[in-house]
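**Student:** Structure provided below as structure tokens; questions to follow.
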């Protein structure tokens, strides 16, 4: 009996000793992005599309529910793979770009990258649940280029006893972030967020009934100034750099914005701030050679759906417009030289 107990403890000890260093790999393999990794390796697409919800969202109010990918010309759409997670985040795309560049084997010619100006909102950019750390870990490990120091940091993070506490601190810190309307401070996310809550709108709705929460929702999404050293801009730049190192040409565009409703409900201060933010992103893109296609002012408010989210979701005409712009950029695009 004593020998059996000793043997059992030895087996248990070996299992634990093996599990601890392998846990980042096992944890990453449970990511919802794992099927995309498998599909990419199997399908060997010529184009990849780092998508956000604008690319795929439609509503029951529409008759055409095709995604932007499905609206591309068949010769392009059939060769394009959509990397679509819960939302578009350049922090995740940075790791996906490392994977695509490493495992594309020179078969991927171009990668499409949308810039959605709403991502700079404190509601999104500083939300710990929006970092998609598990998905990013999967792409990083699947690239085969994870450094020893990076793997050790994964080990330290996953086995940290303070992980839950750090998340609580991140949520609390987000709640303390300021909501701005241009240069005017309106309060913190914690104070304002609940007041900006909107019900799901039916197909026909009088938006004037929801003027107050719509104003606050637009304030949260677009009212704050952004800086050239914003972490999201850094992640975009690293995404593009990693793609180019892999010989993949980036196609970058700014998503259409609902300027009509932003002006109507949020007012001139927020419009002016959003235009200043757009000018900054365009300037940085020019300086760094991103080659941005700017679609920000191409649609009227009639072509924005799910207006209860005060965001960039567009109808089938808007998705078709994005598809045409992307197709024009992809056709005849030269490969980037390593």
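Bear in mind that the values in this text are calculations on the coordinates, not laboratory data. Remember, it's a predicted structure, so these values are computed and weren't measured experimentally. Every residue, glycine among them, receives a Cβ derived from its backbone with ideal geometry; neighbour counts consider all protein chains shown.
**Student:** Taking only Cα atoms, what is the 0 to 90° angle, nearest 10, from helix 90-103's long axis to the longest principal axis of the chain?
**Tutor:** Tilt relative to the chain: about 60 degrees.
**Student:** Does the range 100-210 come out rounded, prolate or oblate by the C-alpha gyration tensor, with a ≥ b ≥ c the root eigenvalues, rounded set by a/c under 1.5 and, if not, prolate when a/b is larger than b/c and oblate if not?
**Tutor:** oblate
**Student:** If you take the square roots of the eigenvalues of the alpha-carbon gyration tensor of the range 242-325 and sort them as a ≥ b ≥ c, do you get rounded (a/c under 1.5), prolate (a/b over b/c) or oblate?
**Tutor:** oblate
**Student:** Quick one: grab the alpha carbon gyration tensor of the range 199-302, order the square roots of its eigenvalues as a ≥ b ≥ c, and give me rounded if a/c is under 1.5, else prolate or oblate depending on whether a/b is larger than b/c.
**Tutor:** Numbers: a/c = 2.60, a/b = 2.06, b/c = 1.26.
The shape class here is prolate.
**Student:** Another question about this same structure. Which of 303, 65, 42, 313 has the fewest other C-beta atoms within 10 Å, and how do the rest follow up to the most?
**Tutor:** Result, fewest neighbours first: 42, 65, 303, 313.
**Student:** List 57, 80, 241 from most exposed to least, where exposure is judged by having the fewest other Cβ atoms within 10 Å.
**Tutor:** Taking fewest neighbouring Cβ atoms as first place, the list is 241, 57, 80.
**Student:** Can you give the FRET efficiency for residue 62 and residue 275, using 1/(1 + (r/R0)^6), R0 = 41 Å, r = Cβ-Cβ distance, to the nearest 0.05?
**Tutor:** 0.90
**Student:** Cα centroid distance between the range 194-224 and the range 305-321, in Å?
**Tutor:** What the calculation gives is 15 Å, centre to centre.
**Student:** Restricting to bridges with both residues inside the chain, how much of the DSSP beta-bridge set is antiparallel, in percent to the nearest 5?
**Tutor:** Values: 5 of 21 bridges.
Counting only bridges with both partners in the chain, antiparallel ones make up about 25 percent.
**Student:** On a 0 to 90° scale, report how tilted helix 133-142 is relative to the longest principal axis of the chain, with both axes built from alpha carbons and the result rounded to the nearest 10.
**Tutor:** Between the helix axis and the principal axis of the chain, the angle is about 60 degrees.
**Student:** Can you give the angle from 0 to 90° between the axis of helix 163-175 and the longest principal axis of the chain, with both taken from C-alpha atoms, to the nearest 10?
**Tutor:** 10 degrees
**Student:** Can you give the extra length, in nm with one decimal, that the chain gains between residue 70 and residue 188 once fully stretched, where that is 0.36 nm per residue apart less the Cα-Cα distance? Please report the intermediate quantities before stating the final value.
**Tutor:** On the way: separation 118, 0.36 × 118 = 42.48 nm, distance 4.02 nm.
Full extension from residue 70 to residue 188 adds 38.5 nm.
**Student:** Sort 83, 120 by Cβ crowding within 10 Å, fewest neighbours at the top.
**Tutor:** 120, 83
**Student:** With an 8 Å Cα cut-off and a minimum separation of 6 or more residues, compute the relative contact order for the chain in percent.
**Tutor:** Relative contact order of the chain: 23 percent.
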